[in-house]
1. Compute the FRET efficiency between Ser354 and Ala226 as 1/(1 + (r/R0)^6), taking r as their Cβ-Cβ distance and R0 = 45 Å, and round to the nearest 0.05.
2. What distance in nm lies between label points placed 7 Å from Cα along the C-beta direction at Glu47 and Glu151?
3. Are there any GluC sites (Glu not before Pro) in the stretch 36-113 that are in a DSSP loop and have at most 14 other Cβ atoms within 10 Å? List them by number.
4. Return the long-range amide H neighbours of Gly256 (sequence gap of 5 or more, or a different chain), with a cut-off of under 5 Å between placed amide H atoms.
5. Label point 7 Å out from Asp300 along Cα-to-Cβ: which residues of the stretch 46-85 have amide N under 13 Å?
6. When only DSSP loop residues count, what trypsin sites (Lys or Arg not before Pro) in the stretch 203-295 have their Cβ near at most 14 other Cβ atoms within 10 Å?
7. Could you pull out the pairs from Lys246/Lys266; Lys328/Lys393; Lys63/Lys246; Lys191/Lys344; Lys63/Lys266; Lys27/Lys328 whose alpha carbons sit more than 23 Å apart here?
8. Report the residue, chosen from Ile49, Ile196, Ile113, that carries the largest GNM mean-square fluctuation when the chain is represented by alpha-carbon nodes joined by springs under 10 Å.
Amino acid sequence: MLEALPLLPDDPILGLAAVCRADENPKKVDLTVGIYMDENGVCPVFEAIQQAQNMLVEREVSKAYLPPAGVAGFNPGMQKLVLGEGSTALADGRVSSIQAPGGCGALRIGAEIIQAASPGARVWVSDPTWPVHIPLLGSVGLQFSTYRYYEPQTHGVNFDAMVEDLKGAGAGDIVLLHGCCHNPCGADLSKEQWSIVGDMAEAQGFVPFIDFAYQGLGDGLDADAAGLRHLAERLPEMIIAASCSKNMGLYRERTGCTLFLAKDGKSADALLSQAKVAARRVYSMPPAHGALLASTVLSDSALTANWQSELHSMCGRINGLRSDLVEKLQASTGRDFEFIRAEKGMFSFLGLSSDQVQTLRDDYSVYMLGSSRINVAGVNARNIDYLADSIAKVL
Ligand code: LMR
């Protein structure tokens, strides 16, 4: 029976990263997976996380299962981090959350809840979106429509087209939004645009589902949450999939959280009970290590300050790299790359053809996704000239 299953191709992102790892060219440039890398090309452990880890090694006395909602202090810490200390929804007690295995696990729990509430519900996804969204959410039986989002000609959001398309989203529909640092394009909604999306959600009754994987890597922890918090103040219902992979560097620890904003506390409790049952069905209970580290950092003011300052430097470095890249690319190609500076977070589309991307891989060992999405955080002082010159050659 099992032998009938064919060999599948590797994942387009993870598979490409493996090809890049195997490339022995000392000049290779890895701009594939969305991982923050420092000047030495290393994905660092945050100092605060390292300290929390040392404390945990000293104190941990058991490896017994966690309860299905996760580490006790983790959920309140994440709720405040995502929604902000001043959140009315939090004060009104209409928020619940469950720890989940990474941002993907958080998305999956959100999808399970949507499917339970409305089997086969329609989820509106941006064009383009992270390639895993559709298989991940679709595997529970949800259906999809796309709304236009990124405009390659302008390298920005085509908001008129987005609004036009979202006029088709009604009560019972879900609209998946990237909370900040859009993956793959890096083009985010402005404050005014978030407010218009809020108007539409209020008038039309759709429920926003926010993928919030990059808080703190665009403009800062609070600034990146502004759009989402605006919606949370206005709307009765919302789901948020938050991740600690990038902003705490806990990638391999699979640490995330699904937050539910409900019309009242009773509904929030009901959603949490549903989420616990969904988790039991899928993976039983979440992994402990990452959430113990995150909750230790979030509950200790000195560790929080240390973490936030390191995250702030990372964010500043990414924005600095964006500026450097604009200047180097403009100098080497004579073309306009100003859009890279305006975009947020780890990603930008360079606007190269798939042939040009392939030539960069084959002839220069420069690796980016086939769509020409680059991970800006893979650029550093040692590879930036080679990268800009290689791009100039393929252009
Ligand atoms: C990415 O888009 O590169 C990251 O979100 C990592 C992943 O799982 O694809």
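The values are calculated or read from the model by the stated rules, or taken from the named source; none is laboratory data. Since we're looking at a predicted model, the values are computed, not measured. Don't worry about glycine lacking a Cβ; one is built from the backbone with ideal geometry, like all the others, and counts go over all protein chains shown. Just so you know, the surface numbers come from the protein's heavy atoms only, side chains and all, with ligands and any DNA or RNA stripped out. Shrake-Rupley method; radii C 1.70, N 1.55, O 1.52, S 1.80 Å.
1. Approximately 0.80, to the nearest 0.05.
2. 4.4
3. Taking the stretch 36-113 and a limit of 14 other Cβ atoms within 10 Å, the loop GluC sites (Glu not before Pro) found are Glu39, Glu60, Glu85.
4. Ala100, Gly102, Cys244
5. Zone members listed by number: 47-60.
6. Loop-located and lightly packed - Lys263.
7. Exceeds cut-off: Lys246/Lys266; Lys63/Lys246; Lys63/Lys266.
8. Ile196
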